[in-house]
Amino acid sequence: MFDGGVALNEVQESVLRCPNCQVAMRTETREGIEVERCPQCNGLWLDYAELDLVEDRVFADDHAKATLVYDERSSSGLCPRCSTTLHAFNYRGWNLELQMCEAQHGFWLDAGEDERILELMRQRQKDLDRSATAEEEWGQFVSGLKSRSFAQKSRGVLDKLRAPAPDRPSKLVLQLPWRKRFVLFWRLFRDGRVPFLAKLVIPGILFYLALPFDVIPDFIPFIGFIDDLFVAILGLWLFLRLTPRAIFDEHIDRLGAEIEEESRRR
């Protein structure tokens, strides 16, 4: 009797229970990956290395996937393996909340979130391709400037500024209040998913504005600041152009939600 009781306890302890429903989960194989699924809420439990395997189905470049955990905070669910409290986080900075075991036993995905992960990885691939294309266009533009006079360079830059961007992110920025515009650029600058080349533009603008000499001397009233304004506008436009649109839209949506919330509080 004693041996049978011990065996029963071991079987009960080996059963993984859903963090949401506390019912026993079933082991399934999806695309060659063994996962535990809750039969009641259809959530999935992935062992720690299995999340990477899910991502690799559509995007296998680990170095380009961006930081995994953003805005980590406590959650209410318990780890199916060690029963410690799970921690919620924003998956790779996107607006997708996952839960993980702090002891790295695994990740909890609510129903449908595995497909959402695949969608985001596909979007990440598109963003990187778009960024690479923008960097190549910028390199060609800079090479072309080297063969022109200053007047020709200025006209070329102005033409690029006048040309509407495909998605017009600059128009969305202009619709924001002044304070929110600074918040937007600051958040984009700190976002780990924004390409490094794009982030170099911001310190480049500040460096030019801090130079002791200018193309047009500052002591000339009003006209002396035209070159500074020109460089600032060009630099911010280039920063937006090099920033993946999906990341830009995400921050715009967050700011829009914050503005609506502030309006309701007034």
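The values are calculated or read from the model by the stated rules, or taken from the named source; none is laboratory data. Bear in mind the structure is a predicted one, so any value in this text is a computation, not a measurement. For neighbour counting, all protein chains shown are included, and Cβ atoms are generated from backbone atoms with ideal geometry for every residue, glycine included.
Looking at the structure I just gave you, is Leu211 loosely packed, with under 12 Cβ neighbours inside 10 Å, of a type in the set (A, V, I, L, M, F, W, C) and at pLDDT below 80? Outline the logic, then answer.
Numbers: loosely packed, with under 12 Cβ neighbours inside 10 Å: yes; of a type in the set (A, V, I, L, M, F, W, C): yes; at pLDDT below 80: yes.
Yes: the conditions hold for Leu211.
May I ask you to list the residues in segment 94-114 that are in a helix (DSSP H, G or I) and either in contact with a Ser or Thr (Cβ under 7 Å, 6 or more places away or on another chain) or farther than 24 Å from His251 by Cβ (or both)? Before the answer, list the steps.
Quick first cut of segment 94-114, residues in a helix (DSSP H, G or I) only: 113-114.
Correct list: Asp114 only.
Here is a list: Arg73, Arg92, Arg81. Which entry is under 14 Å from Ala103 (Cα atoms) and in contact with a strand residue (DSSP E or B) (Cβ under 8 Å, 6 or more places away or on another chain)? Show your work before the answer.
Details: Arg73 fails: under 14 Å from Ala103 (Cα atoms); Arg92 fails: under 14 Å from Ala103 (Cα atoms).
That would be Arg81, the only listed residue that is under 14 Å from Ala103 (Cα atoms) and in contact with a strand residue (DSSP E or B) (Cβ under 8 Å, 6 or more places away or on another chain).
Within segment 181-200, how many residues turn out to be part of a helix (DSSP H, G or I), within 21 Å of Ala257 (Cβ to Cβ) and of a type in the set (D, E, K, R)? Step through it out loud before you land on a result.
Quick first cut of segment 181-200, residues part of a helix (DSSP H, G or I) only: 181-190, 196-200.
Then drop every residue that is not within 21 Å of Ala257 (Cβ to Cβ), which leaves 181-190.
Subset that is of a type in the set (D, E, K, R): 181, 187, 190.
Final tally of qualifying residues: 3.
When Glu250 is evaluated against the numbered criteria (1) surrounded by 14 or more Cβ atoms within 10 Å (Cβ to Cβ); (2) of a type in the set (Asp, Glu); (3) modelled with pLDDT under 80, which criterion, by number, is the only one it fails?
So the condition that Glu250 fails would be (3).
Given the structure, is Arg30 surrounded by 13 or more Cβ atoms within 10 Å (Cβ to Cβ), modelled with pLDDT under 90 and either touching a Cys at 6+ places or on another chain (Cβ under 7 Å) or farther than 16 Å from Leu120 by Cβ (or both)? Walk me through it before giving the result.
Numbers: surrounded by 13 or more Cβ atoms within 10 Å (Cβ to Cβ): yes; modelled with pLDDT under 90: yes; either touching a Cys at 6+ places or on another chain (Cβ under 7 Å) or farther than 16 Å from Leu120 by Cβ (or both): yes.
So Arg30 fits the description; yes.
Take the conditions at pLDDT 90 or above and in contact with a Phe, Trp or Tyr (Cβ under 9 Å, 6 or more places away or on another chain) and apply them to Glu97. Does it pass?
Judged against the criteria, Glu97 is a match.
Can you find a residue in segment 179-195 that is farther than 30 Å from Pro19 by Cβ, surrounded by fewer than 11 Cβ atoms within 10 Å (Cβ to Cβ) and at pLDDT below 85? Explain how you work it out, then say what you get.
Taking segment 179-195 and keeping what is farther than 30 Å from Pro19 by Cβ, we get 179-190, 194-195.
From the residues that got through so far, the ones that are surrounded by fewer than 11 Cβ atoms within 10 Å (Cβ to Cβ) too are 179, 190.
Within this subset, residues satisfying the condition of being at pLDDT below 85 are 179.
Yes - at least one qualifying residue is present in segment 179-195.
Taking the condition of being in a loop (DSSP other than H, G, I, E, B) and either without any contact (Cβ under 8 Å) to a residue 60 or more places away in the chain or touching a Ser or Thr at 6+ places or on another chain (Cβ under 9 Å) (or both), how many residues in segment 62-93 meet it? Working first, answer last.
So the first thing to find is which residues in segment 62-93 are in a loop (DSSP other than H, G, I, E, B), and the list is 65-68, 79-84, 92-93.
This time we only want the ones that are either without any contact (Cβ under 8 Å) to a residue 60 or more places away in the chain or touching a Ser or Thr at 6+ places or on another chain (Cβ under 9 Å) (or both), so: 65, 68, 79, 82-84, 92-93.
Selection size over segment 62-93: 8.
Among the residues of segment 160-172, is there at least one that is under 30 Å from Arg57 (Cα atoms), in contact with a helix residue (DSSP H, G or I) (Cβ under 8 Å, 6 or more places away or on another chain) and modelled with pLDDT of 75 or more?
Within segment 160-172 (the criterion being under 30 Å from Arg57 (Cα atoms), in contact with a helix residue (DSSP H, G or I) (Cβ under 8 Å, 6 or more places away or on another chain) and modelled with pLDDT of 75 or more), the answer is no, since none of the residues qualifies.
Out of (1) closer than 17 Å to Leu109 by Cα; (2) free of Cβ contacts under 8 Å to residues at least 24 places away in the same chain, what's the single condition that is false for Asn42?
In the conditions (1) closer than 17 Å to Leu109 by Cα; (2) free of Cβ contacts under 8 Å to residues at least 24 places away in the same chain, Asn42 misses (2) alone.
Residues are listed down the side, and each one gets a yes or a no for (1) buried (at least 16 other Cβ atoms within 10 Å of the Cβ); (2) in contact with a Gly (Cβ under 6 Å, 6 or more places away or on another chain); (3) among the acidic types (Asp, Glu):
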residue: Asp71; (1), (2), (3): no, no, yes
residue: Gly93; (1), (2), (3): yes, no, no
residue: Asp110; (1), (2), (3): yes, yes, yes
residue: Asp114; (1), (2), (3): yes, no, yes
residue: Ile117; (1), (2), (3): yes, no, no
residue: Met121; (1), (2), (3): yes, no, no
